[in-house]
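Participant: Structure below; questions to follow.
What follows is calculated from the coordinates using simple rules that are stated; it is not laboratory data. In this text the structure is predicted, and so the values were computed from the model without any measurement. When we count neighbours, we look across all protein chains shown, and the Cβ atoms used for this are built from the backbone with ideal geometry, even at glycine.
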Amino acid sequence: RKEVEQDPGPFNVPEGATVAFNCTYSNSASQSFFWYRQDCRKEPKLLMSVYSSGNEDGRFTAQLNRASQYISLLIRDSKLSDSATYLCVVKARPPAAAAGNKLTFGGGTRVLVKP
Amino acid sequence: DTGVSQDPRHKITKRGQNVTFRCDPISEHNRLYWYRQTLGQGPEFLTYFQNEAQLEKSRLLSDRFSAERPKGSFSTLEIQRTEQGDSAMYLCASSLAGGPKETQYFGPGTRLLVL
């Protein structure tokens, strides 16, 4: 079983609609959570961090459910430019102070916004 | 541009050849990560440096792979005796050590094709 699992999609979304998708993670010691966006043949870019209380950034809302170990992303009023792959990312608590904060990525959820 | 840079952006090589990639992190960042991404998958962690010290290596990093960060600034990733299975996008990321909310910024990647 992968540490971070996502529905690969694609989610075909009419422009202006709302789309939501989840990811699940298996490591209960996970400490930090993020959504990254990746355009075709480009590098991942941080979209937003995910906080326990849920957080919103413009049209994007992220939620974290630690008890069920899942993270969600909701996109409102979808734009054509939202078409991308959305990567769910988890960071476990490092074992030592000097240890790095390696990121564990899901396989990505592809979203296609169509006119 | 003060972001993470990688060179070359593309590399085609024949099986059995050695290749070396370079990553220049954001100048004040003390942490540097290498990831590998294959088609349809999320990036997978390979190795991590804090300053010049290599502190963590993934099991994915076979003996044919070696990474260095000699002066704590740029890093190189060398693959010896390349195999077709090494074909992937190699991503470098850098960050400034700062706890759970530390953000990794990715370079554009080096796309490797082994024939």
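Participant: Name the residue that is nearest to B:PRO43 (Cα to Cα), counting only residues in the stretch B:69-90 that are of a type outside the set (D, E, K, R) and part of a loop (DSSP other than H, G, I, E, B).
Facilitator: B:SER87
Participant: If we keep just the residues of the stretch B:87-113 that are facing another protein chain (nearest Cβ under 8 Å) and aromatic (Phe, Trp, Tyr), which is nearest to the chain's Cα centre (by Cα)?
Facilitator: Here the residue is B:PHE106.
Participant: Which residue out of A:LEU64, A:LEU73, A:LEU87, A:LEU46 is over 30 Å from B:SER5 (Cα atoms) and either within 10 Å of the chain's Cα centre (by Cα) or within 14 Å of chain B (Cβ to nearest Cβ) (or both)?
Facilitator: The conditions single out A:LEU64.
Conditions (1) over 21 Å from A:GLN38 (Cα atoms); (2) surrounded by 15 or more Cβ atoms within 10 Å (Cβ to Cβ); (3) at the interface with chain A (Cβ under 8 Å from one of its Cβ atoms), marked per residue:
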| site | (1), (2), (3) |
| --- | --- |
| B:ILE12 | yes, no, no |
| B:CYS23 | no, yes, no |
| B:HIS29 | yes, yes, no |
| B:THR38 | no, no, no |
| B:GLU44 | no, yes, yes |
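Participant: Ok, one more. Can you tell me how many residues in the stretch B:12-42 are assigned to a strand (DSSP E or B) and over 14 Å from the mean Cα position of the chain (by Cα)?
Facilitator: 2
Participant: Let me ask something additional. Taking the conditions exactly as written (assigned to a loop (DSSP other than H, G, I, E, B), within 24 Å of A:LEU46 (Cα to Cα) and of a type in the set (A, V, I, L, M)), does B:ALA93 satisfy them or not?
Facilitator: It is false that B:ALA93 is assigned to a loop (DSSP other than H, G, I, E, B), within 24 Å of A:LEU46 (Cα to Cα) and of a type in the set (A, V, I, L, M).
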